[in-house]
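S.K.: Take a look at the following structure, please.
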2 protein chains.
Amino acid sequence: MRGIRNTLQPVNILSPEAEEKVHEASLRILRDQGVSFEEPRALDLFRRAGQRVDDAGQRVYFDPGFVIETAAKAPQRFVLHARDPEWDVTLGGDDVVFAPVSGPPFVADRERGRRDGTLADQNDLVRLAETIDVLHHGTPEVACKDLAVESRHLDILGHQIRLSRKGMIGDAWGTERARDHLDMMAILFAGIDAAAGRGRGPSSAAAGAAPRDAIADRPVIIGIINSNSPLRYDMTMAEGLIAYAEAGQVNVITPFIMAGATSPVTLAAAVAQQNAEALAAVILAQIVRPGAPVLYGSFLTGLEMRTGAPAFGRPEAALGILSSAQMARRYRLPCRGGGVLTNSKVADHQAGQEKMNMLWPLLLGRVHYVLHAAGWLDGGLTASFEAMVLDAEMLEMTARFFTGLPVNDESLALEVIGHVGAGGHFLGEEHTRRHFKAEFYFPTLADTEAYDTWVKKGSRDAHERATARWKKLLASYQEPRLDPATDEALAEFVARRTRAIAASA
Amino acid sequence: MRGIRNTLQPVNILSPEAEEKVHEASLRILRDQGVSFEEPRALDLFRRAGQRVDDAGQRVYFDPGFVIETAAKAPQRFVLHARDPEWDVTLGGDDVVFAPVSGPPFVADRERGRRDGTLADQNDLVRLAETIDVLHHGTPEVACKDLAVESRHLDILGHQIRLSRKGMIGDAWGTERARDHLDMMAILFAGIDAAAGRGRGPSSAAAGAAPRDAIADRPVIIGIINSNSPLRYDMTMAEGLIAYAEAGQVNVITPFIMAGATSPVTLAAAVAQQNAEALAAVILAQIVRPGAPVLYGSFLTGLEMRTGAPAFGRPEAALGILSSAQMARRYRLPCRGGGVLTNSKVADHQAGQEKMNMLWPLLLGRVHYVLHAAGWLDGGLTASFEAMVLDAEMLEMTARFFTGLPVNDESLALEVIGHVGAGGHFLGEEHTRRHFKAEFYFPTLADTEAYDTWVKKGSRDAHERATARWKKLLASYQEPRLDPATDEALAEFVARRTRAIAASA
């Protein structure tokens, strides 16, 4: 089981009264304004659950009591399974789980610059992330421009499964892509079960409309569900949510709130509107399947008024993370937080500063799942090789931070202090040798050389050093062995579905 | 009155039991190991206060009850006065006060590189800091290598007073330098009083052994007192402490704890030893003058085992800040924390990341005074013009963070959400226009341009952009008018003391 135990008390940025007001405002929004779902099945499900539905306006108006009661059906904590059970993670409770950047159209490294994402680049990013243990879940993804849009989701997940032992992030954009990914995970886990002497094996799962028995009661994939804020879920997202919930898989419900554009500019309203949108989708998942695993997600930030870009790494984002996580705690829902984000185009001082300014609030809010925890640049337009390794060092420092400073006779070391005495030093003490490895974080990228040594070594800044680091890590990558029958069944599925999609185009 | 109101609940990184154990360990260290003071007057003061003193070993052994009782005489909160009362700050309570880098031997900027500090460079740094409102107290200082070591403290403070309206950081290295700085502040404040029709004026204060009436009950300058850890205060520091306490001025007592070198490697022991060292000096100040203002300071960090350098911006430092601040709270002492520190040689990703990793714990620990909050590079060896402005942006973001997210009818904006409806946007709303300026932080350095625009503008990273920024700010500097009689009295004092020092050399 991977992840880091977050031992901080959560910071409640909203007073109890303020939290109550945000909650009440959300319920009023849900009751009076309602939320649009551009998907007839969603409307029908809500109607049958007793909510008022305006079919012409595709709008659902929510009863406050129903909202609270239904949201409470979601699990507070669950295990998310990986191909390799060593990489299972727990979402909820005290754990924090880091996942790499997912979704940018561009890829960059310092030597080759920025370019359109390709499958080759993505595979290298997946390999790189595989060598970084502090990335606990998921694999990087870029929009592979060298593949056909209609079927690339098949290739992407296929390669991710083959190259990585970690848990998977799937596509939830519409019923077809969602089902394809759910089917692939069913094949994978049927294969895993068969290798362990359970179930009917991967080829059975792959045959025809693959039965999803192997994953029916086992969360193995997460899908990101974004609202089309304000107060709307479009067809594709509602379809994806329903498909994932039906299959008992994880919906990460993340309203896209950019205060001033997709919500009112005031953060209080942004949080209240986000809360309404998130609860509406959490409830849909519970109607589809009571107990369906969900994350209450937030990506809330402000708007850069001069350029219209979302502003990452800012105080507004920090306040957004803390207040969002506080609302998730109120409903006992595991929480996804924005990510370790920046607007910077390169891994420079701005990036380091903005990212750390996201990471601390994520930890203080006790966010459970951090997507885009490493590798993100340029407001999410670029996945960067250098940023992957630089950000990993931040995350590793977090792991050391949470081991804390245990206080006991051995760590207080009064006899060592007495022994060394005034004006001595502790470098040569046996106590120092015994503890320094556990006590200190040993960075691989941060420079602590003397100035002259640093100059002799080429006066390289962190961005330059990161290039050498990711190349070294990538070279160290070893492909984890996938059971050949499973590999074959997956490849067959991908080939068959790719042909079918091409034929229907 | 300047400073930022820190509204976070303090993070207690030590459990109540752990905090108690650290406290008890400190008292045992003070009682059984004692602390060395290489200054006969200090030993004599402790002896007369009833403590056991070993004169041969220059060691004081402390009675635990006396420690607690005497430390409680220090004020919990006090005002630190500036030349311009608009720049007065409060130390203690809810306030956090930022001060720029102080002390490096080198100065650097991106175009001219690193070089020995000079008075001209320092004056430019002081001017630059004067244009940055989020630096609430103090002025930058570098070791001006172009001035005679024996008398440069006079020129340095003289120029700082002339160029800046803000409160002053003085020299506490030995009796002579301490007295010179106290005398200069007395001249300054006698001048301020005279201009306001009070007191006898600056020339009277400057005449002969300057009477310090003007500052007797008015804290106007802080001195940094570092222990020579483990468990030792050398002659110069003890002399400085006594001089500042006698004059009712502020001793910022900062043990120099580098775990693994000057304390045991385990952080629990480092905090306990630091606490013992800090309390010993806090008590000396209270013996000299009950109620003398002090700050409980911490610079605690780990050792970089490969190079022997102190490791800044690391999880060890974050834990050190939080546990140190917690101990200061226990004794109700206002607290100084390490600073916004980095080992990086340039303002790169490492610097941004490490500095933000210092700033958050400082805020969470509710540290009251942050020295080296801007401009620090290379473990404190370099004061950087670019770092000054980049760090200032971090500090400004803090100010916005602490205005929080007020929740009320206006900020919840339910009618705006109803008005815009599902699928609309809020950019054109009157509510947006009314609030965006207060709601968002508007950075001056962070880039949020579209990628192509950024390329067109020269693909400049944050470090490059910072050069243009500091030059612009420096050009905007206007020297604040100093009352001519005070200016003259200060210049006379500096000239007279410089001659006297040269004559005695």
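The values are calculated or read from the model by the stated rules, or taken from the named source; none is laboratory data. The structure displayed is predicted, hence computed values, not measured ones. Neighbour counts run over all protein chains shown; Cβ positions are idealised from the backbone, glycine included.
S.K.: Looking only at residues that are part of a helix (DSSP H, G or I) and surrounded by fewer than 24 Cβ atoms within 10 Å (Cβ to Cβ) in segment B:364-385, which one is farthest from the other protein chains (Cβ to nearest Cβ)?
M.R.: Across segment B:364-385, the extreme among qualifying residues is B:G380.
Yes/no per residue for (1) facing chain A (nearest Cβ under 10 Å); (2) out of contact with any Leu (no Cβ under 9 Å at 6 or more places or on another chain); (3) at pLDDT 95 or above:
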residue	(1), (2), (3)
B:R59	yes, no, yes
B:K73	no, yes, yes
B:Q76	no, no, yes
B:R115	no, yes, yes
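S.K.: Sticking with this one: Just the residues that are out of contact with any Lys or Arg (no Cβ under 8 Å at 6 or more places or on another chain) and on the phi > 0 side of the Ramachandran plot, please, taken from segment A:392-447.
M.R.: Selection gives A:G404, A:A413, A:G421.
For (1) in a helix (DSSP H, G or I); (2) within 25 Å of B:A500 (Cβ to Cβ); (3) touching a residue at least 40 places away in the same chain (Cβ under 8 Å), each residue gets a yes or a no:
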residue: B:V107; (1), (2), (3): no, no, yes
residue: B:L128; (1), (2), (3): yes, no, yes
residue: B:L135; (1), (2), (3): no, no, yes
residue: B:T139; (1), (2), (3): no, no, no
residue: B:H153; (1), (2), (3): yes, yes, no
residue: B:M185; (1), (2), (3): yes, yes, yes
residue: B:F189; (1), (2), (3): yes, yes, yes
residue: B:R200; (1), (2), (3): no, yes, no
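S.K.: Name the strands (runs of 3 or more DSSP E) wholly within segment B:286-356 that hold at least 2 residues that are away from chain A (no Cβ under 12 Å)?
M.R.: B:294-298, B:335-337
S.K.: When you go through (1) surrounded by fewer than 24 Cβ atoms within 10 Å (Cβ to Cβ); (2) polar (S, T, N, Q); (3) closer than 23 Å to B:P406 by Cβ; (4) modelled with pLDDT under 95 one by one for A:Q326, which number turns out not to apply?
M.R.: All conditions pass for A:Q326, except number (4).
S.K.: A follow-up question, please. Among the candidates A:L303, A:L267, which residue alone is at pLDDT below 95, hydrophobic (A, V, I, L, M, F, W, C) and either closer than 16 Å to A:G365 by Cβ or surrounded by 24 or more Cβ atoms within 10 Å (Cβ to Cβ) (or both)?
M.R.: One residue alone meets the criteria, A:L303.
S.K.: Could you pull out the residue among A:I13, A:I4 that is crowded, with 21+ Cβ neighbours inside 10 Å, within 27 Å of A:L91 (Cβ to Cβ), within 11 Å of another protein chain (Cβ to nearest Cβ) and β-branched (V, I, T)?
M.R.: After applying the criteria, what remains is A:I13.
S.K.: Residue by residue through segment A:386-404, note down the ones that are more than 10 Å from chain B (Cβ to nearest Cβ) and surrounded by fewer than 24 Cβ atoms within 10 Å (Cβ to Cβ).
M.R.: Of segment A:386-404, the ones more than 10 Å from chain B (Cβ to nearest Cβ) are A:388-389, A:392, A:395.
Matches in segment A:386-404: A:L395 only.
S.K.: Also: Test each condition in (1) surrounded by 19 or more Cβ atoms within 10 Å (Cβ to Cβ); (2) touching a Pro at 6+ places or on another chain (Cβ under 7 Å) for B:R31 and report the one that comes out false.
M.R.: The single condition B:R31 does not satisfy is (1).
S.K.: Output the residues belonging to segment B:405-420 that are assigned to a helix (DSSP H, G or I), over 30 Å from B:F98 (Cβ atoms) and at the interface with chain A (Cβ under 7 Å from one of its Cβ atoms).
M.R.: B:L412, B:L414, B:V416, B:I417, B:G418, B:V420
S.K.: Tell me which residues, restricted to segment A:232-285, are assigned to a loop (DSSP other than H, G, I, E, B) and either more than 14 Å from every other protein chain (Cβ to nearest Cβ) or in contact with a strand residue (DSSP E or B) (Cβ under 8 Å, 6 or more places away or on another chain) (or both).
M.R.: Listed by number, the residues that qualify are A:A247, A:G248, A:Q249, A:P255, A:F256, A:I257, A:G260, A:A261, A:V265, A:T266.
S.K.: Can you confirm whether A:R465 is in a helix (DSSP H, G or I) and within 14 Å of another protein chain (Cβ to nearest Cβ)?
M.R.: Yes: the conditions hold for A:R465.
S.K.: Does A:D193 satisfy being touching a residue at least 24 places away in the same chain (Cβ under 8 Å) and either in a helix (DSSP H, G or I) or farther than 19 Å from A:E386 by Cα (or both)?
M.R.: No; evaluated as a whole, the condition is false for this residue.
S.K.: Yes or no: B:F402 under 30 Å from A:P230 (Cα atoms), touching a strand residue (DSSP E or B) at 6+ places or on another chain (Cβ under 9 Å), in contact (Cβ under 8 Å) with a residue 60 or more places away in the chain and of a type in the set (A, V, I, L, M, F, W, C)?
M.R.: yes
S.K.: Please specify each residue of segment B:421-462 satisfying the condition of being among the hydroxyl-bearing types (S, T, Y), within 7 Å of chain A (Cβ to nearest Cβ) and not in a helix (DSSP H, G or I).
M.R.: Residues satisfying the conditions are B:Y441, B:T448.
S.K.: Regarding A:R400, is this residue more than 33 Å from the chain's Cα centre (by Cα) and assigned to a helix (DSSP H, G or I)? Reasoning before the result, please.
M.R.: Working: more than 33 Å from the chain's Cα centre (by Cα): no; assigned to a helix (DSSP H, G or I): yes.
Criteria not met by A:R400.
S.K.: Then there is this: Can you name the residue in segment B:16-45 that is among the hydrophobic types (A, V, I, L, M, F, W, C) and over 30 Å from B:G365 (Cβ atoms) and is also farthest from the other protein chains (Cβ to nearest Cβ) among such residues? Show your work before the answer.
M.R.: In the first step, residues of segment B:16-45 are kept if they are among the hydrophobic types (A, V, I, L, M, F, W, C); the result is B:18, B:22, B:25, B:27, B:29-30, B:35, B:37, B:42-43, B:45.
Those still in the list that are over 30 Å from B:G365 (Cβ atoms) too: B:43, B:45.
Working: B:L43: 13, B:L45: 18 Å.
This residue is B:L45.
Yes or no, residue by residue, for (1) out of contact with any strand residue (DSSP E or B) (no Cβ under 7 Å at 6 or more places or on another chain); (2) buried (at least 24 other Cβ atoms within 10 Å of the Cβ):
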| residue | (1), (2) |
| --- | --- |
| B:F98 | no, yes |
| B:G103 | no, no |
| B:G113 | yes, no |
| B:D146 | yes, no |
| B:E150 | yes, no |
| B:A196 | yes, no |
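S.K.: How many residues, within segment B:52-74, are buried (at least 17 other Cβ atoms within 10 Å of the Cβ) and in contact with a strand residue (DSSP E or B) (Cβ under 8 Å, 6 or more places away or on another chain)?
M.R.: 6
S.K.: What is the residue count in segment A:155-167 for residues that are free of Cβ contacts under 8 Å to residues at least 60 places away in the same chain and either farther than 19 Å from A:G240 by Cα or in contact with a helix residue (DSSP H, G or I) (Cβ under 6 Å, 6 or more places away or on another chain) (or both)?
M.R.: 3
S.K.: A further question on this structure: If I filter segment B:458-473 for residues that are in contact (Cβ under 8 Å) with a residue 24 or more places away in the chain, more than 30 Å from A:G113 (Cα to Cα) and loosely packed, with under 15 Cβ neighbours inside 10 Å, do I get at least one hit?
M.R.: no
S.K.: I'd like the full set of residues that are more than 30 Å from B:V340 (Cα to Cα) and either in contact (Cβ under 8 Å) with a residue 40 or more places away in the chain or in contact with a Pro (Cβ under 6 Å, 6 or more places away or on another chain) (or both), limited to segment B:432-455.
M.R.: Within segment B:432-455, no residue meets the criteria.
S.K.: In segment A:1-81, which strands (runs of 3 or more DSSP E) lie fully inside it and hold 1 or more residues that are β-branched (V, I, T) and under 15 Å from A:V282 (Cα atoms)?
M.R.: Ranges flagged: A:35-37, A:59-61.
S.K.: Here's a follow-up. What's the total number of residues in segment A:124-142 that are surrounded by fewer than 19 Cβ atoms within 10 Å (Cβ to Cβ) and more than 17 Å from the chain's Cα centre (by Cα)?
M.R.: Counting residues in segment A:124-142 that are surrounded by fewer than 19 Cβ atoms within 10 Å (Cβ to Cβ) and more than 17 Å from the chain's Cα centre (by Cα) gives 1.
S.K.: So, one more: When you go through A:D88, A:D84 one by one, which is the residue that is among the charged types (D, E, K, R) and under 24 Å from A:A328 (Cβ atoms)? Walk me through it before giving the result.
M.R.: On the way: A:D84 fails: under 24 Å from A:A328 (Cβ atoms).
Unique residue meeting the criteria: A:D88.
S.K.: I'd like to know if segment B:41-58 contains one or more residues that are free of Cβ contacts under 8 Å to residues at least 40 places away in the same chain and within 20 Å of the chain's Cα centre (by Cα).
M.R.: no
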